[in-house]
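Novice: After the structure tokens below, expect a handful of questions from me.
The values are calculated or read from the model by the stated rules, or taken from the named source; none is laboratory data. Because the structure is a prediction, the values reported are computed rather than measured. In this analysis, Cβ positions are derived from the backbone assuming ideal geometry, glycine residues included, and neighbour counts consider all displayed protein chains.
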Amino acid sequence: MKKLDLQLLEYKSELVDLVGIETDFVEMVATKISSEIKSLNIERLNELKNSSPVDLNDRYEELISFQSMMDFFNSQKLAPQMVRAQILAQNYICFVYLKDNYFRALENILPFNSVGQRCFKYLLSSDVKNLRNAIAHGNWSYSTDFNGLNYWYTRKNGNENYYQKYFVTEKMYDFWQRLSRVVAYSSMLTILNIGS
């Protein structure tokens, strides 16, 4: 878990200010989530495992395949179109694939106001949720200077729908997707190790 903890170190202030993690825990988010999951009774863990039609082992294999692709891409000097392909895959895994049937289930079974619950609650919050919906519906684009993403979320005004535009900076976007990956890995590894 220490390697996963280290991946969030540059985001200490976001973890404190946005997610609500106590300063004592910002350097060990993955480790803390792992210990919170280990404290759950077997019924709660089975509830999580049964919350999705996708077996947790299969979901973990997809995450490992995604990370292998990311490691390969990050070791190369990539043409711009390959960077775009990497971001497409990253968007889907971090914001769509993990959200509904995994993050929501974990948020519901972890102890109230625990580090893990706060992380999952944040990843399910409106700003991140709006990006997730925009990705799932193809309503996003790079900003003209490539320093972030524009995305649009459908709103209702009476009987009419309209799109509300949002913008996420590259740094905040990186925080969102990195937090998503770290909490997914730490929780899945813990749950799968308990089950073996």
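Novice: Of all residues being assigned to a helix (DSSP H, G or I) and among the aliphatic types (A, V, I, L, M) in the stretch 74-101, which is nearest to Ile64 (Cα to Cα)? Just the residue, please.
Specialist: Out of the qualifying residues, it is Ile93.
Novice: So which residues in the stretch 31-41 are surrounded by 14 or more Cβ atoms within 10 Å (Cβ to Cβ) and assigned to a loop (DSSP other than H, G, I, E, B), if there are any at all?
Specialist: Leu40
Novice: Report every pair of residues separated by at least 6 positions or lying on different chains whose Cβ atoms are under 6 Å apart, first residue within the stretch 31-57 and farther than 15 Å from Leu98 by Cβ, second not in a helix (DSSP H, G or I).
Specialist: Thr31/Met1; Lys32/Phe25; Ser34/Met1; Glu36/Leu110; Glu36/Ser114
Novice: Pairs only if they're at least six apart or on different chains, beta carbon under 7 angstrom, first in the stretch 149-168 and free of Cβ contacts under 8 Å to residues at least 24 places away in the same chain and farther than 15 Å from Lys129 by Cβ, second surrounded by 10 or more Cβ atoms within 10 Å (Cβ to Cβ) and not basic (Lys, Arg); list them, first residue then second.
Specialist: Final answer for the pair search is Asn150/Trp140; Asn150/Ser141; Asn150/Ser143; Asn150/Phe167; Asn161/Thr154; Lys165/Asn150; Lys165/Trp152.
Novice: If you take the residues in the stretch 6-30 that are within 14 Å of the chain's Cα centre (by Cα) and assigned to a loop (DSSP other than H, G, I, E, B), which one is surrounded by the fewest Cβ atoms within 10 Å (Cβ to Cβ)?
Specialist: Gln7
Novice: Can I ask one more? Hey, does the stretch 138-148 have a residue that's over 23 Å from Gln81 (Cβ atoms), surrounded by 13 or more Cβ atoms within 10 Å (Cβ to Cβ), within 18 Å of the chain's Cα centre (by Cα) and in contact (Cβ under 8 Å) with a residue 24 or more places away in the chain?
Specialist: no
Novice: Going by the conditions given, is Thr190 modelled with pLDDT under 90 and not in a loop (DSSP other than H, G, I, E, B)?
Specialist: So Thr190 fails the test.
Novice: So, in the stretch 102-116, of the ones that are farther than 16 Å from Val26 by Cβ and assigned to a helix (DSSP H, G or I), which residue ends up nearest to the chain's Cα centre (by Cα)?
Specialist: Phe103
Novice: Val128: surrounded by 14 or more Cβ atoms within 10 Å (Cβ to Cβ), of a type in the set (Val, Ile, Thr) and modelled with pLDDT of 95 or more, yes or no?
Specialist: Judged against the criteria, Val128 is not a match.
Novice: Within the stretch 126-144, does at least one residue satisfy the condition of being of a type in the set (Lys, Arg) and out of contact with any strand residue (DSSP E or B) (no Cβ under 6 Å at 6 or more places or on another chain)?
Specialist: Yes - at least one qualifying residue is present in the stretch 126-144.
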